Amino acid sequence: MAEREYRKLQGMALEFVSGVLEENQLERTISYSATFNLTLDFTHFVQVANAYIPGYLSNPINAIRPELDGFAYHYAYNYFFDAAGNIGDNRALFDVFTSPRYYMDQWSSGGLEERYHKPQFSVVDGRLQVVSRKDFRWENKREINVEDLPVIRFQWALNLMLGHDFFDQKAPSSVVVLGYAEEDFVEVEGLQMHRGTRYMVGSALQFGPINNEQILTAR
(Lines give C-alpha, C1' and ligand atoms only; values in the text may rest on other atoms or scores of the structure.)
Protein backbone atom coordinates (compact mmCIF):
# COMPACT_ATOMS: atom_id res chain seq x y z
CA MET A 1 0.00 0.00 0.00
CA ALA A 2 1.41 3.39 -1.00
CA GLU A 3 2.03 5.84 1.83
CA ARG A 4 -0.60 8.55 1.74
CA GLU A 5 0.35 12.21 1.56
CA TYR A 6 -0.31 14.48 4.52
CA ARG A 7 -0.20 18.29 4.43
CA LYS A 8 -0.67 20.93 7.08
CA LEU A 9 -3.40 23.29 5.92
CA GLN A 10 -3.02 26.96 6.77
CA GLY A 11 -6.11 28.14 8.66
CA MET A 12 -6.98 24.71 10.07
CA ALA A 13 -6.93 24.68 13.88
CA LEU A 14 -8.18 22.85 16.95
CA GLU A 15 -9.30 24.60 20.16
CA PHE A 16 -10.22 22.89 23.43
CA VAL A 17 -13.43 24.16 25.05
CA SER A 18 -14.21 21.80 27.93
CA GLY A 19 -14.05 18.20 29.10
CA VAL A 20 -14.78 15.84 31.96
CA LEU A 21 -13.64 12.38 33.09
CA GLU A 22 -16.26 10.12 34.70
CA GLU A 23 -16.53 6.63 36.16
CA ASN A 24 -19.44 4.19 35.97
CA GLN A 25 -18.75 1.60 38.68
CA LEU A 26 -21.80 -0.50 37.78
CA GLU A 27 -20.65 -0.97 34.18
CA ARG A 28 -16.96 -0.86 35.12
CA THR A 29 -16.21 1.83 32.57
CA ILE A 30 -14.33 5.12 32.54
CA SER A 31 -15.41 7.76 30.04
CA TYR A 32 -14.29 11.17 28.92
CA SER A 33 -16.40 13.82 27.26
CA ALA A 34 -14.74 16.63 25.34
CA THR A 35 -15.86 19.69 23.40
CA PHE A 36 -13.56 21.26 20.81
CA ASN A 37 -13.88 23.91 18.13
CA LEU A 38 -12.54 22.88 14.71
CA THR A 39 -11.49 25.76 12.46
CA LEU A 40 -11.16 25.63 8.67
CA ASP A 41 -10.19 28.42 6.28
CA PHE A 42 -12.58 27.52 3.46
CA THR A 43 -10.92 29.65 0.78
CA HIS A 44 -7.52 28.10 1.41
CA PHE A 45 -9.07 24.64 1.62
CA VAL A 46 -10.59 25.03 -1.86
CA GLN A 47 -7.31 26.30 -3.30
CA VAL A 48 -5.30 23.37 -1.98
CA ALA A 49 -8.01 20.81 -2.80
CA ASN A 50 -8.18 22.00 -6.41
CA ALA A 51 -4.40 21.81 -6.70
CA TYR A 52 -4.59 18.09 -5.91
CA ILE A 53 -7.98 17.27 -7.49
CA PRO A 54 -9.11 19.89 -10.05
CA GLY A 55 -12.76 20.77 -9.53
CA TYR A 56 -12.79 18.74 -6.33
CA LEU A 57 -16.04 20.08 -4.86
CA SER A 58 -17.87 20.03 -8.20
CA ASN A 59 -17.70 16.32 -8.96
CA PRO A 60 -20.51 14.28 -7.32
CA ILE A 61 -18.43 11.11 -7.10
CA ASN A 62 -15.48 12.73 -5.37
CA ALA A 63 -15.57 12.04 -1.65
CA ILE A 64 -14.31 13.20 1.72
CA ARG A 65 -13.51 11.39 4.95
CA PRO A 66 -13.14 13.27 8.25
CA GLU A 67 -10.43 11.85 10.49
CA LEU A 68 -11.36 12.66 14.06
CA ASP A 69 -9.35 10.43 16.38
CA GLY A 70 -10.21 11.21 19.98
CA PHE A 71 -13.67 12.48 18.99
CA ALA A 72 -15.39 9.93 16.76
CA TYR A 73 -14.90 7.18 14.19
CA HIS A 74 -16.41 7.69 10.75
CA TYR A 75 -17.51 4.44 9.11
CA ALA A 76 -16.13 5.15 5.64
CA TYR A 77 -16.41 8.31 3.51
CA ASN A 78 -19.04 10.59 2.00
CA TYR A 79 -19.59 11.23 -1.70
CA PHE A 80 -20.60 14.78 -2.57
CA PHE A 81 -23.52 13.58 -4.71
CA ASP A 82 -26.06 16.40 -5.19
CA ALA A 83 -24.09 18.79 -2.96
CA ALA A 84 -21.43 18.94 -5.69
CA GLY A 85 -21.23 22.41 -7.19
CA ASN A 86 -23.17 23.87 -4.26
CA ILE A 87 -20.51 23.82 -1.54
CA GLY A 88 -19.60 27.45 -1.07
CA ASP A 89 -18.74 27.75 2.60
CA ASN A 90 -17.78 25.79 5.70
CA ARG A 91 -21.36 25.00 6.70
CA ALA A 92 -22.15 23.41 3.33
CA LEU A 93 -18.94 21.35 3.49
CA PHE A 94 -19.56 20.24 7.08
CA ASP A 95 -23.11 19.19 6.15
CA VAL A 96 -21.63 16.50 3.91
CA PHE A 97 -20.07 14.48 6.75
CA THR A 98 -21.59 15.50 10.12
CA SER A 99 -24.76 13.41 10.30
CA PRO A 100 -24.48 11.14 13.39
CA ARG A 101 -25.53 8.12 11.29
CA TYR A 102 -22.10 8.12 9.63
CA TYR A 103 -20.32 7.42 12.93
CA MET A 104 -19.71 4.20 14.83
CA ASP A 105 -20.87 3.66 18.42
CA GLN A 106 -19.93 -0.01 19.01
CA TRP A 107 -17.29 -1.46 21.33
CA SER A 108 -13.94 -2.61 19.99
CA SER A 109 -13.00 -6.15 21.05
CA GLY A 110 -10.04 -7.46 23.02
CA GLY A 111 -7.83 -6.07 25.77
CA LEU A 112 -8.67 -2.52 26.72
CA GLU A 113 -11.88 -2.02 24.78
CA GLU A 114 -13.03 1.37 23.51
CA ARG A 115 -16.32 2.81 22.35
CA TYR A 116 -17.06 6.18 20.82
CA HIS A 117 -20.51 7.64 21.22
CA LYS A 118 -22.03 9.33 18.20
CA PRO A 119 -20.66 12.88 18.09
CA GLN A 120 -22.81 15.99 18.22
CA PHE A 121 -21.83 18.66 15.71
CA SER A 122 -22.87 22.28 15.42
CA VAL A 123 -21.53 25.25 13.46
CA VAL A 124 -20.61 28.20 15.68
CA ASP A 125 -19.30 31.36 13.99
CA GLY A 126 -18.16 29.33 10.99
CA ARG A 127 -16.30 26.81 13.13
CA LEU A 128 -17.34 23.20 13.60
CA GLN A 129 -17.95 22.44 17.26
CA VAL A 130 -17.84 18.77 18.22
CA VAL A 131 -19.12 17.30 21.48
CA SER A 132 -17.71 13.82 21.88
CA ARG A 133 -17.64 10.96 24.37
CA LYS A 134 -15.50 7.83 24.59
CA ASP A 135 -15.75 4.86 26.98
CA PHE A 136 -13.07 2.39 28.12
CA ARG A 137 -13.42 -1.03 29.75
CA TRP A 138 -11.45 -4.24 30.09
CA GLU A 139 -12.42 -7.20 27.92
CA ASN A 140 -12.75 -9.48 30.96
CA LYS A 141 -14.88 -6.86 32.78
CA ARG A 142 -12.36 -6.48 35.58
CA GLU A 143 -12.17 -3.17 37.38
CA ILE A 144 -10.68 -0.35 35.34
CA ASN A 145 -8.58 2.44 36.83
CA VAL A 146 -7.50 5.83 35.53
CA GLU A 147 -3.94 4.49 35.38
CA ASP A 148 -5.12 2.05 32.69
CA LEU A 149 -6.11 4.79 30.23
CA PRO A 150 -3.96 5.35 27.11
CA VAL A 151 -2.55 8.48 25.53
CA ILE A 152 -5.43 10.09 23.62
CA ARG A 153 -4.64 12.24 20.58
CA PHE A 154 -7.10 14.63 19.03
CA GLN A 155 -7.11 14.68 15.26
CA TRP A 156 -8.81 17.15 12.93
CA ALA A 157 -8.04 16.19 9.35
CA LEU A 158 -9.87 15.82 6.05
CA ASN A 159 -9.03 13.00 3.67
CA LEU A 160 -9.65 14.18 0.09
CA MET A 161 -10.68 11.33 -2.19
CA LEU A 162 -10.85 11.09 -5.97
CA GLY A 163 -13.95 9.37 -7.30
CA HIS A 164 -13.98 6.55 -9.82
CA ASP A 165 -16.54 5.48 -12.38
CA PHE A 166 -19.32 3.61 -10.55
CA PHE A 167 -19.41 1.07 -13.36
CA ASP A 168 -15.86 0.04 -12.45
CA GLN A 169 -17.08 -0.71 -8.92
CA LYS A 170 -14.06 0.96 -7.38
CA ALA A 171 -14.03 2.94 -4.15
CA PRO A 172 -12.71 6.51 -4.27
CA SER A 173 -8.97 6.74 -3.63
CA SER A 174 -7.22 8.94 -1.08
CA VAL A 175 -5.15 11.68 -2.71
CA VAL A 176 -4.12 13.88 0.23
CA VAL A 177 -4.98 14.36 3.90
CA LEU A 178 -5.16 17.95 5.14
CA GLY A 179 -4.80 18.65 8.86
CA TYR A 180 -3.91 21.24 11.50
CA ALA A 181 -0.72 19.57 12.74
CA GLU A 182 2.70 19.94 11.17
CA GLU A 183 3.97 17.50 8.56
CA ASP A 184 6.96 16.11 10.50
CA PHE A 185 6.74 13.59 13.33
CA VAL A 186 7.89 13.64 16.93
CA GLU A 187 7.84 10.87 19.52
CA VAL A 188 5.51 11.46 22.46
CA GLU A 189 4.93 8.94 25.25
CA GLY A 190 6.37 6.25 22.97
CA LEU A 191 4.05 7.17 20.08
CA GLN A 192 4.76 8.86 16.76
CA MET A 193 2.62 11.97 16.25
CA HIS A 194 2.64 14.86 13.84
CA ARG A 195 4.30 17.79 15.58
CA GLY A 196 1.67 20.13 16.98
CA THR A 197 -0.90 17.39 17.58
CA ARG A 198 -3.03 18.05 20.66
CA TYR A 199 -3.30 15.11 23.06
CA MET A 200 -3.86 14.16 26.68
CA VAL A 201 -2.28 11.47 28.84
CA GLY A 202 -5.24 9.43 30.03
CA SER A 203 -3.39 7.86 32.96
CA ALA A 204 -2.55 11.32 34.35
CA LEU A 205 -6.16 12.53 34.49
CA GLN A 206 -8.43 12.68 37.53
CA PHE A 207 -12.19 12.31 37.75
CA GLY A 208 -13.94 15.60 37.22
CA PRO A 209 -13.28 18.48 34.85
CA ILE A 210 -10.46 18.22 32.30
CA ASN A 211 -8.45 21.43 32.32
CA ASN A 212 -6.85 23.22 29.40
CA GLU A 213 -3.41 22.52 30.93
CA GLN A 214 -4.05 18.78 30.50
CA ILE A 215 -4.47 19.14 26.73
CA LEU A 216 -0.85 18.95 25.64
CA THR A 217 0.92 19.66 22.35
CA ALA A 218 3.33 17.24 20.68
CA ARG A 219 6.72 18.95 20.38
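The values are calculated or read from the model by the stated rules, or taken from the named source; none is laboratory data. All values derive from a computational prediction rather than experimental measurement. Cβ placement follows ideal geometry from the backbone for every residue including glycine, while neighbour counts extend to all protein chains displayed.
In the range 192-209 there is at least one residue that is free of Cβ contacts under 8 Å to residues at least 12 places away in the same chain, more than 14 Å from F71 (Cα to Cα) and within 19 Å of the chain's Cα centre (by Cα). Within the option set G19, G11, G55, being farther than 19 Å from Y102 by Cα, in contact (Cβ under 8 Å) with a residue 40 or more places away in the chain and among the small types (G, A, S) holds for one residue only, G19. Tell me, which residue of the range 1-56 that is in contact with a Phe, Trp or Tyr (Cβ under 6 Å, 6 or more places away or on another chain) and part of a helix (DSSP H, G or I) is surrounded by the most Cβ atoms within 10 Å (Cβ to Cβ)? Looking at residues that are in contact with a Phe, Trp or Tyr (Cβ under 6 Å, 6 or more places away or on another chain) and part of a helix (DSSP H, G or I), I get A49. Under the condition of being without any contact (Cβ under 8 Å) to a residue 60 or more places away in the chain and aliphatic (A, V, I, L, M), which residue from the range 38-52 is farthest from R198 (Cα to Cα)? Once the filter is applied, the top-ranked residue is A51.
Per the listing V146, V151, V131, V124, the residue uniquely at pLDDT below 95, over 21 Å from V176 (Cβ atoms), aliphatic (A, V, I, L, M) and surrounded by fewer than 19 Cβ atoms within 10 Å (Cβ to Cβ) is V124. Considering the conditions (1) touching a residue at least 40 places away in the same chain (Cβ under 8 Å); (2) in contact with a Leu (Cβ under 6 Å, 6 or more places away or on another chain), S174 is excluded by exactly one of them, (2). Scanning the range 71-92 for residues that are within 15 Å of K118 (Cβ to Cβ) and touching a residue at least 60 places away in the same chain (Cβ under 8 Å) yields F71, A72.
Checked against (1) without any contact (Cβ under 8 Å) to a residue 12 or more places away in the chain; (2) touching a helix residue (DSSP H, G or I) at 6+ places or on another chain (Cβ under 9 Å), F136 passes all but condition (1). Taking the range 105-133 as the range and being touching a helix residue (DSSP H, G or I) at 6+ places or on another chain (Cβ under 9 Å) and not hydrophobic (A, V, I, L, M, F, W, C) as the test, the residues that pass are K118, P119, Q120, G126, R127.
Candidates are the residues of the range 58-104 that are in contact with a helix residue (DSSP H, G or I) (Cβ under 9 Å, 6 or more places away or on another chain), assigned to a loop (DSSP other than H, G, I, E, B) and of a type in the set (S, T, N, Q); the one that is surrounded by the most Cβ atoms within 10 Å (Cβ to Cβ) is N62. A single entry from A51, A63, A72 fulfils the requirement of being within 24 Å of Q10 (Cβ to Cβ), touching a strand residue (DSSP E or B) at 6+ places or on another chain (Cβ under 6 Å) and hydrophobic (A, V, I, L, M, F, W, C): A63.
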